[in-house]
Amino acid sequence: MTQLAKAKQNIITDVMNKAVEKEPLSAEEMRESIAKGIIVIPKNINHNFNPVAIGAGTYIKVNANIGISSLKSSLENELLKLETAVSAGVHSIMDLSVCDDLSHIRNIRKEIIKSSPVMIGTVPIYEAACLAASEKRDIFKLNNKDFIEVISKQAEDGVDFMTIHAGVTKQVLDKLEKDPRIGGIVSRGGSMLAEWMKFNKKENPFFELYDDLLDIAYQYDVTLSLGDGLRPGAIKDGTDRAQIQELIILGELVDRAREKNVQVMVEGPGHVKLSDIEMNIKLQKSLCHNAPFYVLGPVVTDLAPGYDHVTSAIGSTIAGMAGADFLCYVTPGEHLYLPDIEDVHQGVIASRIAAHSADIALKKKGAEDQDMQMSIARKNLDWKKMAECAIDRKKVEDAVEKYDLLNLEKCTMCGEFCALKRNY
């Protein structure tokens with residue numbers, strides 16, 4: 001029985017009790033929100049870790065993407081990325097690995113799940129494509145059995161949530177063809193399915209197999225994350241007809257998941273003008289009946305490759321204030337290369353800053369407490385306490401050591417002219 005099914009029966013589970021310890025909610029408030037589908041706790045019955053909640057009234061959570069590519073492959077490096085992200089305070093990891101060696105892909109996923117103290121997400125269409133490549137088949141030759149096999153295997157292995165691009169339907173693609181984009185389809189999963197559909201002249205297999213996917217998700221209590229395969233990848237493409245048509249379909253799929261007692265959340269847009277972010281969040285909440293919203297960024301300008309952790313943090317803060325519940329980090333190298341260890345660290349920190357800033361703006365209970373402690377520590381020039389309070393503790397500790405701040409009892413910004421050394 002899933003957390004959703006138990007919540008509907010007025011049962012407060014151990015998982016709920018553990019998750020609520022870190023939230024500004026009571027256990028009963030959490031149970032009631034889970035029963036409504038406006039909070040989810042992604043936790044596969046086969047994955048042992050401390051769960052966290054995502055959704056209405058909870059603190060905003062942050063995800064980090066890791067995973068190998070066909071050009072860069074190392075289990076050791078991915079485990080180091082996992083460790084780096086967790087040390088930086090991430091709440092979730094998505095394994096987006098792709099290559100033509102299926103056994104390698106599956107081994108990496110198993111090792112990440114085994115090593116991870118946080119929830120793990122995947123995108124099953126990626127592994128389906130890897131299955132085809134490993135068997136020297138064209139991706140267009142994948143069939144329903146292949147898709148079900150991949151999703152079943154990932155659920156059995158302990159994946160906590162899966163991105164399912166079930167909203168990329170023929171109807172949505174018709175909208176896209178009639179109203180073409182600058183960037184086209186930038187979602188890797190969305191583009192794979194769109195080409196599969198065009199080649200086979202069939203409907204999206206994930207849409208047609210949706211009831212079967214719900215059965216698998218129910219068995220393992222996998223949370224479905226309904227992917228935005230038509231998310232905009234260029235500012236000009238934001239909030240177009242294809243994106244909104246897909247969102248309408250995702251809202252209908254949310255209802256079907258809840259009816260089957262499967263936890264579900266919805267993924268949101270990538271590149272969006274700053275002025276359109278609040279509208280996008282509120283539209284999703286309306287069409288998807290307040291399902292938790294998982295956003296990539298949004299990235300607010302196309303002009304900053306190498307700094308997209310910054311453009312994303314700007315958009316994420318606005319999105320969080322408007323009601324987004326879960327932020328997928330964007331790294332400095334998002335549009336340039338596979339992120340390295342430092343990119344992972346910077347991406348997590350930038351998203352955590354955005355999440356916390358939005359929580360403060362929303363006046364969530366306890367959100368300002370750590371800021372108050374930091375303010376007092378700054379007033380007292382208490383460098384050790386500043387490091388304890390900081391989102392990036394190591395950044396402060398490194399600066400204290402580099403500039404010998406403990407001995408100087410002042411920083412190099414003002415020296416003897418420090419305002420805090422005066423009596424006002």
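The values are calculated or read from the model by the stated rules, or taken from the named source; none is laboratory data. Just so you know, these numbers come straight off a predicted model, no measurement behind them. Here the Cβ is made from the backbone with ideal geometry for all residues, glycine too, and neighbour counts use every protein chain on show.
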Being of a type in the set (Val, Ile, Thr), closer than 17 Å to residue 99 by Cα and surrounded by fewer than 19 Cβ atoms within 10 Å (Cβ to Cβ) narrows it down to one residue among 139, 125; which is it? 139
Would you check if residue 101 is at pLDDT below 95 and out of contact with any Cys (no Cβ under 7 Å at 6 or more places or on another chain)? yes
Within the range 76-107, track down each residue that is of a type in the set (A, V, I, L, M) and surrounded by 16 or more Cβ atoms within 10 Å (Cβ to Cβ). 79, 82, 85, 86, 88, 90, 93, 94, 96, 98, 102, 105
I'm told residue 155 meets every condition in (1) over 20 Å from the mean Cα position of the chain (by Cα); (2) over 23 Å from residue 269 (Cα atoms) except one. Can you identify the failing condition by its number? (1)
Looking only at the range 190-206, filter to residues that are surrounded by 16 or more Cβ atoms within 10 Å (Cβ to Cβ) and of a type in the set (Phe, Trp, Tyr); which one of those is nearest to the chain's Cα centre (by Cα)? 206
Residues to consider are 46, 77; find the one that is out of contact with any helix residue (DSSP H, G or I) (no Cβ under 6 Å at 6 or more places or on another chain) and within 28 Å of residue 28 (Cα to Cα). 46
Hits in the range 255-275 (condition: polar (S, T, N, Q) and assigned to a helix (DSSP H, G or I)): 275
Sort out which residues of the range 168-189 are under 23 Å from the mean Cα position of the chain (by Cα) and farther than 20 Å from residue 207 by Cα, and write them in order of number. 183, 184
Unique match (being closer than 24 Å to residue 292 by Cβ and without any contact (Cβ under 8 Å) to a residue 40 or more places away in the chain) among 138, 95: 95
Single unsatisfied condition, residue 410 versus (1) out of contact with any Lys or Arg (no Cβ under 8 Å at 6 or more places or on another chain); (2) more than 26 Å from residue 319 (Cα to Cα); (3) in a loop (DSSP other than H, G, I, E, B): (1)
Looking at the range 243-286, which of its residues are small (Gly, Ala, Ser) and within 19 Å of the chain's Cα centre (by Cα)? 251, 268, 270
Looking at 401, 368, which is the one that is of a type outside the set (Lys, Arg), at pLDDT 90 or above and under 24 Å from residue 346 (Cβ atoms)? 401
Tell me the residue from 156, 177 that is surrounded by fewer than 15 Cβ atoms within 10 Å (Cβ to Cβ) and closer than 30 Å to residue 52 by Cβ, please. 156
Among 382, 369, 308, 276, which is farther than 26 Å from residue 53 by Cα and surrounded by fewer than 18 Cβ atoms within 10 Å (Cβ to Cβ)? 382
Just to be sure I understand, how many residues within the range 221-252 are assigned to a helix (DSSP H, G or I) and either among the β-branched types (Val, Ile, Thr) or surrounded by 23 or more Cβ atoms within 10 Å (Cβ to Cβ) (or both)? 10
Of all residues in the range 279-298 being touching a residue at least 60 places away in the same chain (Cβ under 8 Å) and in contact with an Asp or Glu (Cβ under 8 Å, 6 or more places away or on another chain), the one that is surrounded by the most Cβ atoms within 10 Å (Cβ to Cβ): 292
Taking the range 342-379 and the residues there that are in contact with a helix residue (DSSP H, G or I) (Cβ under 8 Å, 6 or more places away or on another chain), in contact (Cβ under 8 Å) with a residue 24 or more places away in the chain and not in a helix (DSSP H, G or I), the one that is farthest from residue 78 (Cα to Cα) would be 362
Being free of Cβ contacts under 8 Å to residues at least 60 places away in the same chain and either within 24 Å of residue 174 (Cβ to Cβ) or surrounded by fewer than 17 Cβ atoms within 10 Å (Cβ to Cβ) (or both) is the requirement here; does residue 209 meet it? no
